[in-house]
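Have a look at the structure below before the remarks.
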Amino acid sequence: MMAPYWLEWLELLLRWLHLLVGVAWIGASLHFVLVDRSLISDPEDDAVKGRFWAIHGGGVYQFTKYNLAPPEWPATLHWSKWEAYTTWLTGMGLLTLIYYLRSDAYLVGAGKWVTEPSQAIWVSLGLIASSLALYEGLIRSPLARRTVLFAALITVLVLILCWLSAQLLSNRAAFIHVGVILGSIMVGNVFFGIIPAQKAFVVAVQAGRDPDLALTLAARHRSFFNNYLTMPVLFCMVSLHFPLLYQHSLNFLGLFLVMFAGAVARHFFNLRHLNILHWRYLWIAAGLIALTMLLLRPPVLDDINAPSALSATVESIEPALTKAEIDGLMMTHCANCHSASPTHPGFATAPGGLYFVDQEDLLRQKARAASAIGSGYMPLGNMTKLSRAERARLMRYLITSEAKDGA
């Protein structure tokens, strides 16, 4: 197996490339939606569907959309496809590098339906493939032409996907997999629908035939559907930084509500491109975020008298941990990853830049430690077998102790 140092460099480069091509793909997608929705018709030219004027970088640009083909076929025609393909390829590379090669740490979680790392990898691949197959079956069915009903069905299926992923895989992996699946659906729209329709269009026009209008409209439908998935997918990409969301018992609902808020906010901008301002959609999105914040609010960690299940649990545990016991627990359950020289085979440096040697270090990161330990996220996959009693006693120590400078 590759040394952890080189694995981390490979992860860094893959993640950087994934971000770069993802920005290129989503940026181009959002721009083309803006252009397509903002076209101004030209009554003097029947061949032109509409024009869009813009100023950028000190210059004025005109975008022209033709009903069929331009009077003269361009020598160079740009195809927007490799931005999508490379985004998916680099994303799958990251999924393999982080979640498959280190499945024991990141893919499986305590209390989940799948507990064996090797089985979790197959479950992951099966979930991605079956979700994509289900979507392709639906988008090709007559149901796809009933836009509102189709959107409602997809919304329900995404909610089920959020819940199912959270039952099968570790919490962090569940969030990432929802993003991978939605991103795969977006790439599938490009590969299975949009590009084939564009190729058929070019062949028909160059042969002097009328293109298949139904095929063209279906491709436009897929492209517009991708537009609504951009913000949910972007949120999934950054969600691994926020354990306060993915470690909650209602994490699947929180993920769904935040993604739904993103799609609703996107609808506001799609209407705005048509010079239709419905501010209520932004208010609805803000309300969904506020609802999520209230639903996922954690127990009060700095108030020992708070009437919470957590406080009641830790107050009943005696005796309190001694300094030596705390240091021993940290050396056993934390220092294998969070040290200057991690002994865990998957890490060359401490994750998150956090170093834990003794209780002083623990108290400096009291808020983050309480969230990770209390939720069960740490130790990763509980590979060091931290018992429930030890976890509860550590939580009592964190609740009743004063945070140190730098916390």
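A short reminder: the numbers here are calculations on the coordinates, not readings from a lab. On a predicted model such as this, the values are computed, not experimentally measured, just so you know. Quick reminder, even Gly has a Cβ in these numbers, built from the backbone with ideal geometry, and neighbours come from all protein chains shown.
Residues whose amide H lies under 5 Å from that of residue 48, counting only those 5 or more places away or on a different chain, are 67; hydrogens are built 1.01 Å from N in the peptide plane. Each Cα pair under 8 Å and six or more residues apart adds its separation to the average, and for the chain the resulting relative contact order is 14 percent.
Placing dummy labels 7 Å off each Cα toward the beta-carbon, the span from residue 242 to residue 389 is 3.8 nm. What label, among (i) 20.6; (ii) 19.0; (iii) 24.9, belongs to mean projected area of the Cα convex hull in nm² computed from the structure on display? Only one listed value fits the structure, namely (iii). Any chance you could check the Cα centroid distance between region 12-91 and region 326-344 for me, in angstrom? First find each Cα centre; the distance between them is then 51 Å.
Straight-line reach from residue 199: taking Cα to Cα under 23 Å and skipping same-chain neighbours fewer than 8 places apart, the lysines in range are 49, 65, 81. With the simple model of a label 7 Å out from the Cα in the direction of the Cβ, residue 125 to residue 49 spans 4.0 nm.
Once the Cβ-Cβ distance of residue 42 and residue 11 is raised to the sixth power relative to R0 = 41 Å, the FRET efficiency obtained is 0.25.
A simple packing score, the average count of other Cβ atoms within 10 Å per residue, orders the peptides 190-198, 138-146 as 190-198, 138-146, with the highest score first. Is the shape of region 227-297 rounded, prolate or oblate, going by the alpha carbon gyration tensor and its root eigenvalues a ≥ b ≥ c, with a/c under 1.5 for rounded and a/b larger than b/c for prolate? Oblate, because a/c is 1.5 or more while a/b does not exceed b/c.
Within the straight-line cut-off of under 30 Å between alpha carbons, the lysines reachable from residue 385 are 112, 323, 366, 404, sequence neighbours fewer than 8 places apart in one chain being disregarded. The string of couplings for region 45-58 from the Karplus curve (6.51, -1.76, 1.60, θ = phi - 60°) is 9, 5, 7, 9, 7, x, 10, 9, 9, 8, 10, 7, x, x Hz, one whole number per residue in order, with x for Gly and Pro.
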